[in-house]
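Student: Submitted below is the structure of interest, expressed as structure tokens.
The values are calculated or read from the model by the stated rules, or taken from the named source; none is laboratory data. These numbers were taken from a predicted model, which means no experiment stands behind them. Note: ideal-geometry Cβ built from the backbone for every residue, glycine included; neighbour counts use all protein chains shown.
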Amino acid sequence: MTFGRIEVPPPKNGRRYRGIAVCRISTDKQNEMSLDDQAALYHERLPYFLEDPYDLEVMASQGSGELLDRVEFIELSEKIESGEYDFIVAEDLGRIARRVQVIGLCEAAEDTATRIIAINDHVDTLETESWRQPAYFAAMRHESYNRDTSNRIKRSHRNRFANGDMVRQLPAGYVKPHAGASEADCHKAPGAQEVYDECFDRLERGESFAEIATWFNAIKFPRGMSVRKTQWDGTLVGQTVRNPILKGIREHNRRTAVRVNRTGRRKSVAAAPTLLMQRECPRLAFIEPERFDRVNRMLNRRNEKFVKGIAKANGGRGRPQGTRNDARWPSQHVRCGICGRKFVLGGHGRKERMMCDGVRSYDCWNAMTVDQSELAQAVAARVLHEIESLPDFDTELNAQIHAEAEQWRVQQDSGLKKLHEESARLKLELDNFANVIAGGLASPTILARLTATEQELQSMSDAIADANKNAPKAIVIPKADEIRKFANETFLGLAVEDLEFGHIMREIVTDFFVLPYRLIDGGLISPRCVFTLNLAALRGVKLPDGLGTTSIPAMVDLTRSPQRVVFRERVCQLRAIGMTEREVATRLSITHTAAQRAAALDREMTRLGIADPWVPVRDDQAAADCYTRIRNHRYRFNPSPGFVCRFPNT
């Protein structure tokens, strides 16, 4: 159609026409002078539509025409709704919005008698009978331009990726020399290989992403390109170790952007598997592909229960016992020697003290608490003492260790043989499924069983790889000095509050229990802790786990001895040389009663034939006068299934 002279209504204010000129460029890469060019075009063409004077308000902006939540688009809609303006002029409807919603804007303008002029689209809403058809076609054309431009860009990206270009931001450990660098220009950063090797070693030992993040921050490992975070955290570590470029494979189109029609903005979603492109670049690999896949499958199995949230992982009960600080060692590691449950922080409302988790639910009577820091310091000191006083293994002990190791190796070989047999069975089952599907019987049930069998075979392959990896090539008995060196290099220089220290202690300290003890003449119940120091688990000691000859039983005494215990031996010595109890009390600066009770305690120990005044509290009846919860109607002693109390020599 062509524009002709039509009757124009008078200005709404009765004096001059008021109009808005819409000027827009899409990105910051476009020249801002284009906005001035658009405004100049309006001043040049407006006399064709208006003969009388007018005031023109220029609304210039930069942003995508697809976005409906742009401030300028919302402001323009509000001004049209106000009905104060006589006309809106734009180069085309796409300057206002490249969406079909621009038709609704034109209709809203028609309702408020606001004229919309799109010069290049030949749209003028003053022509009430004919403006809709060209507006509809123009809106569809602008929408198609969006899709055509998107497809053209994606096609270019796919081609450039296939040719080794399109290197986006690389994770930590890589160097991209300049913004337009190709795959051939990029290389691994010096020192990053050792960091990633240690990172995957730690993951295989069971460390969490948060613990790896703490280590990365401690060694000041760079976070990688375009990372906005100021330090490593668990999420960033997880994203990094799952990036397939670590095994020498670049990926493109694993995710794609889709438009949210309500706003026009894009959101990232998983792309269809058919769109995924991969390119091998072994020169950039840090980790062997087989190890990378195996470790990530292990991580997926370890973390799969958290995919739907903590509440689902714990049967809908929310977060389990305690707070997020419960990971501080030895919390969640040391256990109650009476019922077998873990000791957790928050004992009797004091956040630094630990108590048996079974006491909270009235399933255990061992209600004493232990200071978390005090226990950590005491166990660390005892471990240090045991390692420093460790003698060299003599010939007889060497032979015993070799015998145990050989027996362990036979068991490992037997288990590995069973794994290989099961793997062969699964491979045969997969072949059978493949033959059935090739015969045209690809039912949903068969496909589901095929997927399940493939996953089971992968798990079996991982188990075989772990067994081969953990099996020592040769049994080498280390010297005591070597063990002390390994200990100093790994954890003895760390603070007990350090996460790394706690993680190592969880490996080398096993059978860790808190036990209740009481003086033979009564009084408060106090804790002693027993544990086993497993030297084979010390990093650098190449011995199989579980050898009895490399395990050292130990005890930590946390009891608080009263005066009668502290002065018992001295009181007896002074009484033996003929001093009276009053004279002994005066000499030792204690009360006469304290001296009497010390002597009575010694007589009771002599009668029982024991050297230690502290005796185990073995049942709830012996503790009933200390712990009132035993008399609560909710109390029922309910130890962990199969658990037997862990007092020494029981």
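Student: Considering only residues that are under 22 Å from N261 (Cβ atoms) and among the aromatic types (F, W, Y), which ones fall in region 125-161?
Tutor: Y136, F137, Y145
A quick yes/no check of all residues on (1) within 19 Å of the chain's Cα centre (by Cα); (2) farther than 30 Å from R160 by Cα; (3) surrounded by fewer than 16 Cβ atoms within 10 Å (Cβ to Cβ):
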site	(1), (2), (3)
V227	yes, no, no
T230	yes, yes, yes
V258	no, no, yes
F286	no, no, no
R294	yes, yes, no
E304	yes, yes, yes
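Student: Of the numbered conditions (1) surrounded by 16 or more Cβ atoms within 10 Å (Cβ to Cβ); (2) at pLDDT 90 or above, C645 satisfies every one except a single condition; which is it?
Tutor: (2)
Student: What's the number of the condition V644 fails, among (1) out of contact with any helix residue (DSSP H, G or I) (no Cβ under 7 Å at 6 or more places or on another chain); (2) farther than 19 Å from C529 by Cβ; (3) of a type outside the set (G, A, S); (4) assigned by TED's automatic domain parsing to the domain that holds R360?
Tutor: (2)
Student: Y196 versus (1) of a type outside the set (K, R); (2) within 21 Å of R302 (Cα to Cα); (3) part of a helix (DSSP H, G or I); (4) modelled with pLDDT under 95: which is the lone unmet condition?
Tutor: With (1) of a type outside the set (K, R); (2) within 21 Å of R302 (Cα to Cα); (3) part of a helix (DSSP H, G or I); (4) modelled with pLDDT under 95 applied to Y196, the lone miss is (4).
Student: May I pose another question? Within region 616-642, count every residue that is of a type outside the set (S, T, N, Q), loosely packed, with under 14 Cβ neighbours inside 10 Å and over 41 Å from the mean Cα position of the chain (by Cα).
Tutor: Looking only at that region, the number is 5.
Student: Quick check: is even one residue across region 206-229 out of contact with any Gly (no Cβ under 6 Å at 6 or more places or on another chain), assigned to a strand (DSSP E or B) and among the aliphatic types (A, V, I, L, M)? Step through it out loud before you land on a result.
Tutor: Initially, region 206-229 is screened for residues out of contact with any Gly (no Cβ under 6 Å at 6 or more places or on another chain), giving 206-208, 211-212, 214-229.
The next check asks that each one be assigned to a strand (DSSP E or B); those that pass are none.
No, because not a single residue in region 206-229 is out of contact with any Gly (no Cβ under 6 Å at 6 or more places or on another chain), assigned to a strand (DSSP E or B) and among the aliphatic types (A, V, I, L, M).
Student: Can you find a residue in region 378-388 that is in a loop (DSSP other than H, G, I, E, B) and either at pLDDT 80 or above or of a type in the set (A, V, I, L, M, F, W, C) (or both)?
Tutor: First pass over region 378-388, keeping only residues in a loop (DSSP other than H, G, I, E, B): none.
No.
Student: Same structure again: Kindly check whether there is at least one residue in region 22-39 that is of a type in the set (A, V, I, L, M, F, W, C) and under 24 Å from D111 (Cβ atoms). Break it down into steps so the answer makes sense when it comes.
Tutor: If we filter region 22-39 for residues that are of a type in the set (A, V, I, L, M, F, W, C), which is where we start, we get 22-23, 25, 33, 35, 39.
This time we only want the ones that are under 24 Å from D111 (Cβ atoms), so: 22.
Checked region 22-39: at least one residue is of a type in the set (A, V, I, L, M, F, W, C) and under 24 Å from D111 (Cβ atoms).
Student: If you don't mind, another one. Out of region 69-96, which residues are among the hydrophobic types (A, V, I, L, M, F, W, C), out of contact with any helix residue (DSSP H, G or I) (no Cβ under 6 Å at 6 or more places or on another chain) and not in a helix (DSSP H, G or I)? Show your work before the answer.
Tutor: First pass over region 69-96, keeping only residues among the hydrophobic types (A, V, I, L, M, F, W, C): 71, 73-74, 76, 80, 87-90, 93, 96.
Going one step further and asking which of them are out of contact with any helix residue (DSSP H, G or I) (no Cβ under 6 Å at 6 or more places or on another chain), we end up with 71, 73-74, 76, 87-88.
Matches in region 69-96: F87, I88.
Student: Go through region 237-252 and count every residue that is crowded, with 20+ Cβ neighbours inside 10 Å and either free of Cβ contacts under 8 Å to residues at least 40 places away in the same chain or not assigned by TED's automatic domain parsing to the domain that holds N300 (or both).
Tutor: Residues meeting the conditions: 1.
Student: While we're looking at this one, here's another question. May I ask you to say which residue of R539, R528 is in the same structural domain as A380 (by TED's automatic domain parsing), within 17 Å of A380 (Cβ to Cβ) and at pLDDT below 70?
Tutor: Working: R528 fails: at pLDDT below 70.
Exactly one of R539, R528 is in the same structural domain as A380 (by TED's automatic domain parsing), within 17 Å of A380 (Cβ to Cβ) and at pLDDT below 70, namely R539.
Student: For T593, are the conditions met, namely being within 56 Å of the chain's Cα centre (by Cα) and among the polar types (S, T, N, Q)?
Tutor: Values: within 56 Å of the chain's Cα centre (by Cα): no; among the polar types (S, T, N, Q): yes.
It is false that T593 is within 56 Å of the chain's Cα centre (by Cα) and among the polar types (S, T, N, Q).
Student: On the basis of being modelled with pLDDT under 90, surrounded by 13 or more Cβ atoms within 10 Å (Cβ to Cβ) and either over 25 Å from the mean Cα position of the chain (by Cα) or part of a helix (DSSP H, G or I) (or both), does D326 make the cut?
Tutor: Numbers: modelled with pLDDT under 90: yes; surrounded by 13 or more Cβ atoms within 10 Å (Cβ to Cβ): yes; either over 25 Å from the mean Cα position of the chain (by Cα) or part of a helix (DSSP H, G or I) (or both): yes.
For D326, the condition - modelled with pLDDT under 90, surrounded by 13 or more Cβ atoms within 10 Å (Cβ to Cβ) and either over 25 Å from the mean Cα position of the chain (by Cα) or part of a helix (DSSP H, G or I) (or both) - is met.
Student: In this structure, does D481 turn out to be touching a helix residue (DSSP H, G or I) at 6+ places or on another chain (Cβ under 8 Å), of a type in the set (D, E) and modelled with pLDDT under 75? Give the steps one after another, and end with the answer.
Tutor: Values: touching a helix residue (DSSP H, G or I) at 6+ places or on another chain (Cβ under 8 Å): no; of a type in the set (D, E): yes; modelled with pLDDT under 75: yes.
For D481, the condition - touching a helix residue (DSSP H, G or I) at 6+ places or on another chain (Cβ under 8 Å), of a type in the set (D, E) and modelled with pLDDT under 75 - is not met.
Student: In region 85-115, which residues are of a type in the set (A, V, I, L, M, F, W, C) and within 21 Å of G63 (Cα to Cα)?
Tutor: Of everything in region 85-115, those that are of a type in the set (A, V, I, L, M, F, W, C) and within 21 Å of G63 (Cα to Cα) turn out to be I88, V89, A90, L93, I96, A97, V100, V102, I103, L105, C106.
Student: Among the residues of region 198-212 satisfying the criterion of being acidic (D, E) and touching a residue at least 40 places away in the same chain (Cβ under 8 Å), which is farthest from D462 (Cα to Cα)?
Tutor: So the first thing to find is which residues in region 198-212 are acidic (D, E), and the list is 198, 201, 204, 207, 211.
Now narrow it down to the ones that are touching a residue at least 40 places away in the same chain (Cβ under 8 Å): 204, 207, 211.
Values: E204: 12, E207: 18, E211: 23 Å.
Checked region 198-212; the qualifying residue farthest from D462 (Cα to Cα) is E211.
Student: Looking at (1) at pLDDT below 70; (2) within 35 Å of the chain's Cα centre (by Cα); (3) of a type in the set (V, I, T); (4) farther than 18 Å from E386 by Cα, can you tell me which one V514 breaks?
Tutor: (1)
Student: From the list A184, A192, pick out the single residue that is among the small types (G, A, S), surrounded by 14 or more Cβ atoms within 10 Å (Cβ to Cβ) and over 19 Å from the mean Cα position of the chain (by Cα). Steps first, answer last, please.
Tutor: Details: A184 fails: surrounded by 14 or more Cβ atoms within 10 Å (Cβ to Cβ).
Within the list A184, A192, the selection yields A192.
Student: Also, I was wondering about something else. Quick test of your reading of the structure: R560 fulfils all but one of (1) within 30 Å of V334 (Cβ to Cβ); (2) surrounded by 14 or more Cβ atoms within 10 Å (Cβ to Cβ); (3) touching a residue at least 12 places away in the same chain (Cβ under 8 Å); (4) of a type outside the set (A, V, I, L, M, F, W, C). Name the failing condition by number.
Tutor: That leaves (2) as the condition not met.
Student: Mind listing just one residue for me: the one in region 344-373 that is in a loop (DSSP other than H, G, I, E, B) and either touching a Lys or Arg at 6+ places or on another chain (Cβ under 6 Å) or hydrophobic (A, V, I, L, M, F, W, C) (or both) and, of those, farthest from N638 (Cα to Cα)? Write out each step before concluding.
Tutor: Initially, region 344-373 is screened for residues in a loop (DSSP other than H, G, I, E, B), giving 346, 350-352, 361-369.
Subset that is either touching a Lys or Arg at 6+ places or on another chain (Cβ under 6 Å) or hydrophobic (A, V, I, L, M, F, W, C) (or both): 362, 364-365, 367-369.
Numbers: Y362: 9, C364: 6, W365: 10, A367: 14, M368: 17, T369: 19 Å.
So, considering only residues that are in a loop (DSSP other than H, G, I, E, B) and either touching a Lys or Arg at 6+ places or on another chain (Cβ under 6 Å) or hydrophobic (A, V, I, L, M, F, W, C) (or both), the one farthest from N638 (Cα to Cα) is T369.
Student: Considering only region 101-110, I want to know if a residue exists there that is at pLDDT below 95 and farther than 27 Å from R262 by Cβ.
Tutor: No, the conditions are met nowhere in region 101-110.
Student: Name the residue, out of R45, R24, R15, that is outside any strand (DSSP E or B), touching a residue at least 12 places away in the same chain (Cβ under 8 Å) and among the charged types (D, E, K, R). Walk me through how you get there before you give the answer.
Tutor: Working: R24 fails: outside any strand (DSSP E or B); R15 fails: touching a residue at least 12 places away in the same chain (Cβ under 8 Å).
Exactly one residue qualifies, and that residue is R45.
Student: For region 83-91, does any single residue satisfy the condition of being crowded, with 22+ Cβ neighbours inside 10 Å, touching a His at 6+ places or on another chain (Cβ under 7 Å) and not assigned by TED's automatic domain parsing to the domain that holds R259?
Tutor: no
Here's the yes/no breakdown for (1) part of a strand (DSSP E or B); (2) of a type in the set (G, A, S); (3) within 30 Å of G94 (Cβ to Cβ); (4) not assigned by TED's automatic domain parsing to the domain that holds A97:
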| position | (1), (2), (3), (4) |
| --- | --- |
| T128 | no, no, yes, no |
| H142 | no, no, yes, no |
| R155 | no, no, yes, yes |
| R160 | no, no, yes, yes |
| G164 | no, yes, no, yes |
| H178 | no, no, no, yes |
